[in-house]
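Single-structure report; data block below.
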Amino acid sequence: MTENLLLQALVYLTAGVVAAPIAKRLGLGSVLGYLIAGIVVGPFALSLVGEQEDVMKFAEFGVVILLFMIGLEVRPALLWSMRKTIFGLGGAQVLVTALAIAGFSLAFGLNWKTALAVGLVLAMSSTAIVLQTLDEKGLRQGPVGRAAFGVLLLQDLAIIPLFALLPLLAEAPVQLIAQTAHAAEGGGHGGGSLIADFPGWLQTLAVLAAVAAVVGGGRYVVQPIFRFIAQTRLREIFTATALLIVVAVAALMQMVGLSPALGAFLAGVVLAESEYRRELETDIEPFRGLLLGLFFITVGAGINFNIILAQPLVLVGIVIGLMVLKFAVMFGLALIGGATGRAAAAVATALAQGGEFAFVLLTFTVGAGVIGADLAALLTAAVAVSMALTPLAMILYEKVSAMMDAAIPDVKPDDPDFDEAEPDIIIAGFGRFGQITGRLLQANGFKSVVLDSDIEQIEVLRRFGRRVHYGDATRLDLLRAAGAERARMLIVALDDKEKTSELVEKARHAFPNITILARAFDRRHAYDLLANGADAIERETFEGALHLGVTALRSLGFRAHRAHRAADYFRNHDLRAFEELRPMWGQEEAYMLASRDAAQTTERLLAADLARMKPGGEEGWDVTGRAEDELEAAKEDER
């Protein structure tokens with residue numbers, strides 16, 4: 001058994017380590033890499049894994065940890081701020097999707113009870129795959145990520161009433177807890193219930209007691225334990241305690257016949273306001289990623305190709321029909337909710353698959369006599385395939401979105417009615433960088449034309465009253481229409497390194513008299529831009545990092561003038577080194593050696609300057625630092 005376990009661990013880890021980085025480098029995302037790895041090592045390809053159900057039960061602990069971490073994010077303030085998304089958009093998605101799928105199922109000959117059960121089961125989406133995919137694409141914290149998170153959260157919460165509702169659709173009454181336990185035994189997020197043979201009223205009491213224990217324990221027992229563990233400064237024990245809580249809650253929920261994942265979610269919600277929340281997230285995050293990767297591999301390995309090969313057209317029809325229907329419903333609801341077309345499409349694409357809880361619910365409904373075993377097996381395969389197709393669907397969405405971006409200028413000629421006659425400045429790119437520069441210039445009375453190619457960003461800015469023209473600033477005809485031949489300055493603030501270089505080069509050749517200031521992503525990019533014709537560059541993070549350094553020095557005990565002097569010293573030496581190293585750009589070896597010498601020289605000079613300064617002395621006064629010191633002294637006097 002041990003040998004088998006070690007061999008299985010070797011196979012799964014090798015598959016993940018090989019497939020995920022390759023898929024990521026190919027732009028497919030790690031989730032698709034894990035799923036492909038699972039198919040390759042699964043019983044229908046190389047057949048390198050044996051007792052897959054045992055691994056599946058272990059891997060599903062990744063979903064349990066995921067729900068625990070989602071619970072940690074669900075603070076009351078967040079729930080209140082997202083109430084419209086969670087209960088409005090999320091509730092509407094579950095209800096409308098379930099009814100739509102049920103309607104189609106009725107049309108294909110299922111009775112209404114079975115059709116409704118199928119609709120409710122397939123309305124769920126995959127929390128694990130969607131959140132992981134959005135994280136990798138950097139969409140989690142934006143409007144798309146928030147909308148998807150709200151809908152998924154409602155779906156996860158809806159699992160509890162579904163366990164109560166689905167047995168009512170059976171021909172013969174069944175006992176809820178016993179059936180839940182039966183489902184769990186079939187491979188869904190847990191093992192067997194210890195109270196399955198108890199009377200109904202006692203089962204209900206046991207469930208309520210378990211939930212109360214989780215809530216009360218999280219509030220009054222766990223936090224003192226964490227406080228005690230933290231005082232011992234044994235970090236590994238803190239991590240072990242965090243895992244112990246997740247495992248204990250999952251086991252408790254399993255013993256009373258409820259979903260361990262939902263128990264973990266509840267425990268996370270209870271601990272969301274704890275002062276140890278960030279520490280818990282940091283400690284558990286590596287386990288979550290590793291176990292979720294294993295979960296995705298087992299999903300890939302578990303796709304039943306026998307069913308696919310036996311009824312290929314039926315399965316393809318179900319998968320395509322499911323994903324198209326869920327996309328259409330979510331897209332329409334998101335538009336009604338006020339989302340932009342692109343955001344609605346992104347959310348709808350992300351949520352178009354079946355979810356991991358469908359595996360649990362389908363087994364549950366079979367045990368309850370609501371759905372037949374053959375239909376459940378077919379739907380299970382369809383859900384697994386739809387989950388595997390989600391990363392591909394997101395890639396397809398991105399391709400279509402990019403094609404639409406390219407096509408829009410031909411249909412909509414870049415909003416050409418530039419009414420700003422002879423602008424002083426043209427600003428290309430009005431994101432987080434360009435806005436600051438643009439607002440400063442506009443506030444000081446300079447006329448500007450602003451160009452941006454992100455339609456969502458433009459829509460948001462227009463709501464705030466900002467006039468931004470849609471268009472690709474690298475097009476010279478657009479720049480001419482915007483007044484580049486008469487403008488005094490072009491500010492390039494695009495959020496794309498290659499396009500920034502392209503625009504600078506084109507503009508320098510087409511408009512030789514204009515002054516070009518450009519946003520550089522790093523030192524190397526800065527040299528490229530200067531070589532391509534930029535008159536001046538600004539490294540996007542340089543000044544912000546210096547200001548943060550000043551704040552850090554002050555927090556560490558430096559007086560204001562010393563901190564500012566150190567920053568000025570560093571800035572001057574870095575800028576001098578930048579100019580000195582510029583001729584060597586392109587000679588990699590010489591540049592690296594000279595760069596290393598320059599950094600060491602700067603550090604030596606800074607240390608020498610610091611040693612020269614006497615505490616409380618007047619050396620190196622600067623206006624900002626002196627003003628801050630005087631302000632602090634005045635506050636001290638007032639006290």
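Structure data summary
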read-out	value
A526 being part of a helix (DSSP H, G or I), hydrophobic (A, V, I, L, M, F, W, C), without any contact (Cβ under 8 Å) to a residue 40 or more places away in the chain and surrounded by 14 or more Cβ atoms within 10 Å (Cβ to Cβ)	no
Members of the stretch 344-356 found to be within 17 Å of F149 (Cβ to Cβ) and open to solvent by less than 10 Å² (accessible area, probe 1.4 Å), listed by number	A344, A346, V347, A348, A350, L351, A352, Q353, G355, E356
Condition check for L556: closer than 21 Å to D454 by Cα and either surrounded by fewer than 16 Cβ atoms within 10 Å (Cβ to Cβ) or in contact with a Leu (Cβ under 8 Å, 6 or more places away or on another chain) (or both)	no
Selection status of S105, at pLDDT 90 or above, part of a loop (DSSP other than H, G, I, E, B), buried (at least 20 other Cβ atoms within 10 Å of the Cβ) and hydroxyl-bearing (S, T, Y)	no
Qualifying positions in the stretch 270-304 - acidic (D, E) and open to solvent by less than 20 Å² (accessible area, probe 1.4 Å)	D283
Residue match in the stretch 302-314 (condition: closer than 24 Å to A23 by Cβ, among the hydrophobic types (A, V, I, L, M, F, W, C) and in a helix (DSSP H, G or I))	yes
Failed condition for L546, given (1) under 36 Å from the mean Cα position of the chain (by Cα); (2) surrounded by fewer than 16 Cβ atoms within 10 Å (Cβ to Cβ)	(2)
Scan of the stretch 305-326 for residues that are open to solvent by less than 40 Å² (accessible area, probe 1.4 Å), hydrophobic (A, V, I, L, M, F, W, C) and over 30 Å from L46 (Cβ atoms), ordered by number	L325
Pairs where the first residue, in the stretch 324-338, is free of Cβ contacts under 8 Å to residues at least 60 places away in the same chain and hydrophobic (A, V, I, L, M, F, W, C) and the second is open to solvent by 30 Å² or more (accessible area, probe 1.4 Å) and part of a helix (DSSP H, G or I), C-beta under 8 Å, 6+ apart	L335/G341
Criterion (closer than 19 Å to D535 by Cα and of a type in the set (K, R)) met by exactly one of R486, R467, R462	R486
Set E538, E579: member being under 30 Å from A607 (Cα atoms), open to solvent by 40 Å² or more (accessible area, probe 1.4 Å) and in a helix (DSSP H, G or I)	E579
Which numbered condition R486 fails, given (1) basic (K, R); (2) open to solvent by less than 80 Å² (accessible area, probe 1.4 Å); (3) part of a loop (DSSP other than H, G, I, E, B)	(2)
Number of positions in the stretch 323-379 that are farther than 27 Å from L168 by Cα, of a type in the set (A, V, I, L, M), at pLDDT below 90 and assigned to a loop (DSSP other than H, G, I, E, B)	1
Subset of the stretch 186-208 [exposed (fewer than 12 other Cβ atoms within 10 Å of the Cβ) and either modelled with pLDDT of 80 or more or of a type in the set (F, W, Y) (or both)]	W201, L208
Selection within the stretch 456-474 - aliphatic (A, V, I, L, M), assigned to a helix (DSSP H, G or I) and open to solvent by less than 50 Å² (accessible area, probe 1.4 Å)	I458, L461
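The values are calculated or read from the model by the stated rules, or taken from the named source; none is laboratory data. None of the values given here were measured: they were computed from a predicted structure. Reconstructed Cβ throughout: ideal geometry from the backbone, glycine too, with neighbour counts over all protein chains shown. Note: areas computed on protein heavy atoms with side chains; ligands, DNA, RNA excluded. Shrake-Rupley method; radii C 1.70, N 1.55, O 1.52, S 1.80 Å.
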